[in-house]
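Take a look at the structure below.
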Amino acid sequence: MDIIKTLSDYHKQYEVSTSKPDEFWAEVASEFVWRKKWDKVLQWDFHKPEVKWFQGGKLNITENALDRHLPHRANQTAILWEPNDPSEAPRKISYQELHREVCKVGNMLRSHHVKKGDRVCIYMPMVPELIYAVLGCARIGAVHSVVFAGFSAGSLVDRINDCGCSVVLTADGSFRGDKKLDLKAIVDEALLQCPTVRETIVLKRTGSNSPMKSGRDFWWHEEVMSQSADCVPEMMDAEDLLFILYTSGSTGKPKGMVHTCGGYMVFIGYTFRTVFQYQDKELFWCTADIGWVTGHSYIIYGPLLAGATTLLFEGIPSWPDPGRFWQTIERHKVNIFYTAPTAIRSLEQAPISYVNKYDLSSIRILGTVGEPINEEAWHWYNKNIGKGRCPIVDTWWQTETGGIMISPIAGVTPLKPTYATLPLPGIQPTLMDEQGKEITGTGEGRLAMKFPWPSMARTIYGNHQRFRETYFSTFPGMYFTGDGCRRDAEGFYRITGRVDDIIIVSGHNMGTAEIESAVDEHPAVCESAVVGYPHDIKGQGVYTFVICYEKPSDEDKLRSEIREVVAKIIGPIAKPDKIQFVSGLPKTRSGKIMRRILRKVAEGDTSNLGDITTLLDPSVVDEIKRGALS
Ligand code: WT7
């Protein structure tokens, strides 16, 4: 499939992708190496739900990400690793070396009796061996389940037990800024409650003296040393499992989203090249953690399927100082930079000299992902990082979708701040109203998908019933995203936030993200979070938590100014009823605000805030409780 270069290419490809989806995706798929061609491109029924892509096809994704590139890219850097400590030397791993290391890990797993279909838990820091581990599993057909190495022992237990992992790949510890985390101790604690785990293989990273349990724990370097660099790839059916990745539901236990080999490969390869317009020899940097789907798809699989060079960053944005991202861009001459709005907003708080002392001229394209980006942060990113000359792709997608769904194509799609703009070819979004009727033209509603795409999750591991109920029952015959969305007259989409975050004030539907974006327009405001609370007259009132750049000298004056800004941008109806100034927000380690906690505070019920152990900094909760407005 030719890469889209103009808006008219986009419209043409989009048209073919919807009128002849089988032909369209067959053409995209034929760029990859298949050991056996598929019999049928697509079989689907959203009522069951059942989705199968490229049935009968046989492949191994690592052959496509590695072996396929060896004839012409053996010496090209595949992974450029920037360690936590900027004074430690970066590492460059060529495609040849990566191939060798992945094969060794594959053989190591086989020597530990891991077979096709077995689940392997990976709980590791952001080091190259984490990528070897992921691809080593894929090489031999084991199902990887990466658990973010910031999760607690309890969260690890739930994820290991839910899918019955037999082996855990981990490390003695990890570095995060000036802190060290003893990962092995967390694994040891978890394994007291994980009967299916037979063995662990432990990478040395921090040199912490974790005790090794004889017969159960093995050192990575000892196990991998003697392995051959030849590892025959397991031939996988297109619909065999590639990985499981857990995502939190709005309630209850995490959902193990199941992704399969063929469709995932085709869609991630296609979206990476299309959205970011990757050019040969460029350096691509996605700052996500591999513990999230963004890291799976756009640190590992997307770039490697495209024969790209991917930057893997072990550190954090704020250490040793808030210039770390920009320093790293200068140091390695990053061309494409993909990060989260929450990171942008937090780095915005530092003096601009932290940005301006670095040469960012290598950057060609910027991206964001994970949450709606507010207008003010978009402009800051555009002006200070892109210097007004780099397209920003605001990519909307989900753990469940596997890859990017709605996004500008860099340099092709006209940009509109806060809009994810247009669906990629093959993606058929629709907006639904409260009564379950489709909205046509301009409007606002709930975002659903009318047609399958190759990388969609096939089920929730071990719970197809929950998969059906969560995603396919709200609007029968459609996939429901859980997001609210607006479509403008040009057909551009703007994600307004989770619909569980929608508040209804005096009968008006308002996205909390939309109000936040308006509040953030006040120059004193750094970040905000809006939740609803019960209001006698309006039904729900607007409660706003606000972080300022500097402690306000006159809180009441600032409150009324913020209200006026909101009234001006959205309308008087959206004016916050209550504004509480805080120094931090309760965020999960992936940067999402835990609104459940804020809602409780806003409701005046702080007796039971539920589980706050997954928060990045649980101490902010006390401050917020103390300052709650009645
Ligand atoms: C939810 C999915 C996408 C991978 C990382 C997050 C929100 C994601 C955007 C965006 C507005 C966005 C949605 C979505 N979201 N990207 N560009 N604009 N909202 O994956 O943890 O599964 O979260 O993140 O609400 O449903 P996730």
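The values are calculated or read from the model by the stated rules, or taken from the named source; none is laboratory data. All figures in this text were calculated on a predicted structure; none of them were measured in a lab. Reconstructed Cβ throughout: ideal geometry from the backbone, glycine too, with neighbour counts over all protein chains shown. Side chains included, ligands, DNA and RNA excluded: accessible areas come from the protein's heavy atoms. Shrake-Rupley method; radii C 1.70, N 1.55, O 1.52, S 1.80 Å.
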Trp396 - would you say it is within 16 Å of the ligand (Cβ to nearest atom), of a type outside the set (Gly, Ala, Ser) and buried (at least 22 other Cβ atoms within 10 Å of the Cβ)? yes
Cβ-Cβ below 6 Å, separation at least six or inter-chain, first residue in the stretch 267-285 and open to solvent by less than 10 Å² (accessible area, probe 1.4 Å), second in a helix (DSSP H, G or I) and aromatic (Phe, Trp, Tyr): which pairs? Ile268/Tyr301
Counted residues in the stretch 208-251 being free of Cβ contacts under 8 Å to residues at least 40 places away in the same chain and away from the ligand (no atom under 16 Å from the Cβ) come to 16
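Yes or no, residue by residue, for (1) at pLDDT below 95; (2) touching a strand residue (DSSP E or B) at 6+ places or on another chain (Cβ under 9 Å); (3) small (Gly, Ala, Ser):
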| position | (1), (2), (3) |
| --- | --- |
| Val41 | no, yes, no |
| Gly57 | no, yes, yes |
| Asn64 | no, no, no |
| His72 | no, no, no |
| Leu80 | no, yes, no |
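Residue-wise test of (1) within 16 Å of the ligand (Cβ to nearest atom); (2) part of a helix (DSSP H, G or I); (3) at pLDDT 95 or above.
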site: Glu330; (1), (2), (3): no, yes, yes
site: Val334; (1), (2), (3): no, no, yes
site: Leu366; (1), (2), (3): yes, no, yes
site: Ile404; (1), (2), (3): yes, no, yes
site: Gly411; (1), (2), (3): no, no, yes
site: Lys416; (1), (2), (3): yes, no, yes
site: Gly426; (1), (2), (3): no, no, yes
For the stretch 289-327 the number of residues that are closer than 26 Å to Arg159 by Cβ, outside any helix (DSSP H, G or I), in contact with a Phe, Trp or Tyr (Cβ under 6 Å, 6 or more places away or on another chain) and at pLDDT 95 or above is 2
What residue, among those in the stretch 369-393 that are touching a Pro at 6+ places or on another chain (Cβ under 7 Å) and among the charged types (D, E, K, R), is nearest to the ligand (Cβ to nearest atom)? Glu371
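Rundown of residues vs (1) assigned to a strand (DSSP E or B); (2) away from the ligand (no atom under 15 Å from the Cβ); (3) buried (at least 18 other Cβ atoms within 10 Å of the Cβ), yes/no style:
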{"residue": "Thr430", "(1), (2), (3)": "yes, yes, yes"}
{"residue": "Gly441", "(1), (2), (3)": "no, yes, no"}
{"residue": "Arg446", "(1), (2), (3)": "yes, no, yes"}
{"residue": "Gln465", "(1), (2), (3)": "no, yes, no"}
{"residue": "Tyr471", "(1), (2), (3)": "no, no, yes"}
{"residue": "Phe475", "(1), (2), (3)": "no, yes, yes"}
{"residue": "Thr481", "(1), (2), (3)": "yes, no, yes"}
{"residue": "Gly484", "(1), (2), (3)": "yes, no, yes"}
{"residue": "Ala489", "(1), (2), (3)": "no, yes, no"}
Hey, can you tell me all the residues within the stretch 569-617 that are open to solvent by 20 Å² or more (accessible area, probe 1.4 Å), farther than 17 Å from Gly497 by Cα and within 16 Å of the ligand (Cβ to nearest atom)? Arg589, Thr614, Leu616
Sort out which residues of the stretch 17-33 are closer than 19 Å to Asp237 by Cα, free of Cβ contacts under 8 Å to residues at least 60 places away in the same chain and not in a helix (DSSP H, G or I), and write them in order of number. Ser30, Val33
Does the stretch 326-345 hold any residues that are without any contact (Cβ under 8 Å) to a residue 40 or more places away in the chain and open to solvent by 10 Å² or more (accessible area, probe 1.4 Å), and which are they? Glu330
How about the stretch 131-157: which of its residues are of a type in the set (A, V, I, L, M), within 23 Å of Ile93 (Cα to Cα) and either touching a Leu at 6+ places or on another chain (Cβ under 8 Å) or open to solvent by 10 Å² or more (accessible area, probe 1.4 Å) (or both)? Ile131, Ala133, Leu135, Ala138, Ile140, Val146, Ala149
Is it the case that the stretch 526-549 has a residue that's at pLDDT below 95, on the phi < 0 side of the Ramachandran plot, open to solvent by less than 30 Å² (accessible area, probe 1.4 Å) and not in a strand (DSSP E or B)? no
Helices (runs of 4 or more DSSP H) fully within the stretch 78-175 counting 1 or more residues that are within 18 Å of Leu304 (Cβ to Cβ): 95-111, 128-140
Among the residues of the stretch 186-236, which ones are in a helix (DSSP H, G or I) and either of a type in the set (Asp, Glu) or at pLDDT 95 or above (or both)? Val187, Asp188, Glu189, Ala190, Leu191, Trp220, His221, Glu222, Glu223, Val224, Met225
For the stretch 43-77, enumerate the residues that are among the acidic types (Asp, Glu) and either within 19 Å of Tyr301 (Cα to Cα) or not in a strand (DSSP E or B) (or both). Glu63, Asp67
